[in-house]
1. Output the relative contact order of the chain, whole-number percent, from Cα pairs under 8 angstrom with separation of 6+ residues.
2. How long is the range 260-345 along each principal axis, judged by its Cα atoms, biggest number first, in Å?
3. Which shape class applies to the range 342-494: rounded if a/c is under 1.5, otherwise prolate when a/b exceeds b/c and oblate if not, where a ≥ b ≥ c are the square roots of the Cα gyration tensor eigenvalues?
4. Cα centroids of the range 120-145 and the range 191-222: how far apart, whole angstrom?
5. Out of residues 5 or more away from I28 or on other chains, whose amide H comes under 5 Å of its own, with H placed 1.01 Å from N in the peptide plane?
6. Using the alpha-carbon centroid of each, what span in Å lies between the range 317-353 and the range 400-441?
7. Compute the length gained on full extension between R380 and E207: take 0.36 nm times their separation in residues and subtract their Cα-Cα distance, giving the result in nm to one decimal.
8. By what distance, in whole Å, do the Cα atoms of the chain stretch along each of the three principal axes, largest value first?
Amino acid sequence: MKRLPRIEQYGLIGDMQTSAHVCDDGSIDWLCLPRFDSPAVFAGLLGTEKHGTWQIAPAARSRSGLDPELSPDRRYCGDSLVLETVWRTPTGSVRVLDFMPPRDGTPQVIRIVEGLAGEVPMVSAMRPRPGYGSVSPWIHEVDGRMVAEAGADALWLDTCVEQVEKDGVVISGFDVPAGQSMAFVLSWCPSHAAAPDVPDPEAALAETLAFWQEWTQKCTYDGPYREPVVRSLIALKAMTYGPSGGIVAAPSTSLPEEIGGNRNWDYRFTWLRDASTTLAALLGTGYRQEAQAWRRWLLRAVAGDPENLQIMYGLTGERDLRERELPWLPGYEGSDPVRVGNGAADQLQLDVYGEVIETLYLAHQSGVAHCADSAVLHQRLIKHLAQRWHEPDEGIWEIRGARRHFVHSKVMAWVAVDRTIRLAEAGALDMDLGPLIELRETIHREVCAEGFDPVRNTFTQSYGSQELDAATLLIPRVGFLPPDDPRVIGTVDAVRRELSTADGLVHRYPTAGEDAGVDGLAGDEGTFVLCSFWLVDALALTGRLDEAHALFEHLLALRSDLGLLAEEFDPVHQRQLGNFPQAFSHMGLIQSARLLHLLSTRSSRHQGSVALPVPRSAPDRRRQTRTGLASQHA
């Protein structure tokens, strides 16, 4: 019987163009080549071994017979994306280094096996299955090299160890004595192209470690929790498509939000919202180059058509992301359907205007050079938003039910106008301030009147609804209202009471179980990791720093042994859920760590309440003493 690893048992390696999921049993079960959104050549993660895997492990180790004595130790080598797995067996110990060199041509997965003590019998078993596990390739030998060809794809496996093909599996059995090493290199190229060069694995390892060392040294954050912050930054960098600057929401598809459920989506695309908030985290830790690359990506993706702004695009700006199902894949732990493409690309989500413009504002605040083209795009985006902000939409959670007037969407529309005013006041944007100021006040009045329940003293999910939404926790964070406003405090308390578990893990909104709820979907889901970090921020901003620190540390404890976070967490079965790793989750970790550091530092200096500058923009302020303005904390 096949072992079913938990999501958190996977590590990530990547080359800033694609990535691989490496299980703690030594098996690569997910790898798309040559890009994040290409069809997988190993798709065992969403099916079984027959859908494609590549395992390197001690010979006694197999998924059908687990020996606890062979459970490995693993870690990343320093601040890098080089994964180290150490196996200790009765006959000796070995180390396996898995990595993908930052690409300069051919995409490669390199696996180096090093003997540490004694002598260990090892097995490499590679079962390539291109087309998301649907195609059995032609495996043959060319000039002493093994190659698997199928359609447009060719996979070349180079090693000094003897290789044989049996029933569609390339197998190598070998012994590793102490002090010796064997390397396996998997290279992809178009099947019609010449064979790729045989690389130097040790030189590639040195270059990969040097790349990550140089990149992480640019991090300007030096506060508490630096280790998880840097690890999260590395994860975000790994999810950046280097040639274009686009950032995927996650490098996987269809990992379920409920085991056995159908909330399974493809996240291997660039959402404006996810990329914008990720860039905010990168900007806040000193990474301006990524912001410049993303701004260029945005200009290309939106092109001359901001009136038809999509909420997501392909890695290089593709618009056609049609959703389809892969019926031959049974799904992770039977969670079907497996989907590729994403139908949400056609939705109206008004909050993305706020996230995009907020990021352009933060880029300006961070010293990223002015760009005349992005200024023109900004002007056209705000003009279009002014015409549509009052419409209902599908909102941040991409509901597949009827459109609503979501409070968070309106708040982020306010953010878009507010940040535009700020840039115009600073002379960085040529806009007529009068209509913008009036629009900002109009949106603010409407949200406070239509989106607030005075009986329960909380903002609700949408106008006139009874449901709550964790996205309203952002109201103080973006400066819509000051943190000590009674409506803010009431909203935070209501979310804790109605959407949170006893230990502070937050659901996005109520789901309806077997019936279709607000989101138009049946089934349930886990708690949403980003929403839990939003609660950390809200607690900190409303003066409950001790509770915020306690919740933050609890969230850190939910990370995998490699410091990675999926989209959601199941508090009942204590396991990660959803696509993995998730940019949103790691962005939230970084932003919460930075906010806690800022507020703790100010609190210790003033030995009392945290006095932050008051934003000049929101007209409906009751006690203007503190604010959660994103541009001052992010």
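1. Relative contact order comes out at 12 percent.
2. Between the extreme Cα coordinates on each principal axis of the range 260-345 lie 42, 32, 16 Å.
3. Note, shape of the range 342-494 comes out prolate.
4. That distance is 24 Å.
5. C23, W54, Q55, I56
6. Here the answer is 30 Å between Cα centres.
7. 57.9 nm
8. 74, 49, 49
Rule-based calculations on the coordinates, nothing more; no lab input. For clarity, every value in this text was computed on a predicted model and none was experimentally measured. All Cβ positions, glycine included, derive from the backbone under ideal geometry; neighbour counts span all protein chains shown.
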